[in-house]
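The structure under discussion appears below in the form of structure tokens.
What follows is calculated from the coordinates using simple rules that are stated; it is not laboratory data. All values reported here derive from a predicted model rather than from experimental measurement. Using ideal geometry, Cβ is built from the backbone for each residue, glycine included, and neighbour counts are taken over all protein chains shown.
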Amino acid sequence: MTSPGNNQGQPPADNPQASVPKQYSFLWLSAAIFLMVLWLQENRQPHLQELAYSDFKSAVVNEQIAEITLKEDNITGRFTDRGKASFRTDTGERDSEGFHTVRPPIADDSLLPLLEDHGVTIRALPTGLTWWQELIRGFLPWLLLLALMFWFWGAAQKRIAPGGLFDFGRSKARRARKETSTTTLEDVAGIESAKRDIAEIIDFLKSPDKYRALGAVMPKGVLLVGPPGTGKTLLARAIAGEAEVPFFSISASEFIEMFVGVGAARVRDLFLEARKEAPALIFIDELDAVGRSRGAGLGGGHDEREQTLNQILTEMDGFEAHENVLVLSATNRPDVLDSALLRPGRFDRTITLDRPHRDAREAILNVHVRKVPLAGDVNLAQLAGRTIGLSGADLKNLVNEAALTAARENLNSVNAHCFDVAHDRIVLGQERDSRLSPAEREVVAYHECGHAIMAYYMPKADPLTKVTIIPHGVAMGVTEQTPREDHYHLTESYLKDRIKVMLGGRSAEKIIYGEVSTGAQNDLKEATTLIRRMIGQWGMSEKIGPLGLSIGEEHVFLGREMGLPREFSEKMAELIDTEIQAQLVALEKATLEFLTEHRRQLELLTKAVLEKETLSLEEVGEVIESEKKRKTA
């Protein structure tokens, strides 16, 4: 069952990867020149016929050899005219001026007299290399090896520190300029109170004398807090587009490296650059990457992250007054931030961004559809009412998915059907093909119709929207509910009706088949989590009483591993578990009784959903109301 529940890049010249192809080109060019020199050295010699040593001595006797050159055991020489004709005829090889042969290792004392007797000119070359050749042969391999090592070292250094080894501690912050920024406050909708706070800060940067005349001091830090997708980074981009001061943007994780002290050095360099161009703005995204509470980890107070945090604290409130540098940060985990960051004098102001309400969602949709051609049947106000729980990023994705659907169907404009498809894709998941057997398909139908009937009848539950047995995402079937309005306070009756809807699928299987399947795994997990919070955190149990205990939270087990004391005893834990079990059993019993009473409607609704696969609220109502009329007739 499913209920509906944003870096500017560096310029190419600063990219460390840009220099690597140039280095590769230089290496390949050097190798090509070296191979070409070898090829020329090899091919500058004329073609020489290979002669056997015995044939060579016979040619000397027959006066077919004009001259020879001796170099160790190698003999090269030139034929006489008679020798040319003879060897061309006898061997069939092409005409050649010379020949080559090798003396056998056994000494031949008769060779020199034989050559002199037949008038052969004899030349000899020195057997060793010259001093410069020996120098090259000895040192060239080592020079090549050292050059290769230095090249790899330089390439790795540029990947880590683009500016070189001495640039390792430089800040990686990107500077945004007003003339290049395309986002302004007009592109930010649904967070009007946050925009007013930001507009005041921008006005202070533009005309500080107006505020100083009244004794006002600009905040040193502004912390943007909110769930993912609520517009924290978008708001920072809008500030970069609106402010007429330098704007430095960086992610907190970019401070951290494997070497201790690098993060603190980068923080110092960032604030130094900002002070040089003050007044200036610094935006640190995902502050919790370095701003977590100190002393809670295994690294003590000397690890890289805590040194970086200490440097941020010092720069924001050190011995020097940085009154013209404002630090803007964003996080979705303010609960894990160090208390020293949040005190006045550091982050003086906190701006909370929550998921948008209905009017805010409509305003956000109006911003994102500016460049989208809409059909006449699109009602943004109605669409805003259907998207309760979606963040600003979700709504942007909704509009984009609708436009993609229209393009896929070759439409000239985006109509309401495209938004319906996009909504189902985001809320329910991607529709996929079913590979279920008829029997499994029937089980899924009964399961989803059990959810649907409970959602249809429970007075406090979120209204039913549709029920489908078409698989979406990882679910084999989906029952969609849409709240009537945004919920800020949840009552006990609402939560119990919600749990009954969750248990409706499992209860329907038990009534029809006498047993349950694994399809209720997620329903049981959500129901158990919700009832645990009701009992332990929200005081919705007569036996436990009005206690708010730290149970059902994300970091309970981590706290126990770190040796932190638990807030309640083992006896209380046992009592809580017993109460959770008792309430879940009671709610399941009530659900079973209700579905047993409405079994005929369950069977008819299942038959209808097996035929059509998807039923809207109106179609579900027709099936249920027709059976009620037949029963009362």
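Results, tabulated for the structure shown:
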{"quantity": "Spin-label pair Q521/R484, simplified geometry with 7 Å Cα→Cβ offset, distance in nm", "calculated": "3.6"}
{"quantity": "Under 19 Å from K607, Cα to Cα: lysines that are on another chain or at least 8 residues apart", "calculated": "K466, K510, K628, K629, K631"}
{"quantity": "FRET efficiency for E440 and V336, using Cβ-Cβ distance with R0 set to 45 Å, rounded to 0.05", "calculated": "0.55"}
{"quantity": "Note, ³J(HN,Hα) from phi for region 195-207, Karplus 6.51, -1.76, 1.60, rounded to Hz, x at Gly and Pro", "calculated": "5, 5, 5, 5, 4, 5, 5, 4, 5, 5, 5, 6, 9"}
{"quantity": "Potential extension, A199-T314 segment - 0.36 nm per residue separation minus Cα distance", "calculated": "38.7 nm"}
{"quantity": "Anchor K276: aspartates and glutamates whose Cα lies under 18 Å away (excluding residues fewer than 8 positions away in-chain)", "calculated": "E244, E315, D317, E320, E323"}
{"quantity": "Computed E for K210/N410 - FRET, C-beta separation, R0 56 angstrom, nearest 0.05", "calculated": "0.50"}
{"quantity": "Estimated distance in nm for a label pair at S493 and E186, the labels positioned 7 Å out from Cα along Cα-to-Cβ", "calculated": "4.9"}
{"quantity": "Gain in span if fully extended, A573 to D303, counting 0.36 nm per residue against the direct Cα distance", "calculated": "93.5 nm"}
{"quantity": "Long-range amide H partners of A66 with built H, under 5 Å", "calculated": "R78, F79, T80"}
{"quantity": "Fewest-first ranking of L326, L112, using other Cβ atoms within 10 Å as the exposure measure", "calculated": "L112, L326"}
{"quantity": "Loop-resident sites, region 387-492, for trypsin sites (Lys or Arg not before Pro), counting at most 16 other Cβ within 10 Å (DSSP)", "calculated": "R432, R435, K460, R484"}
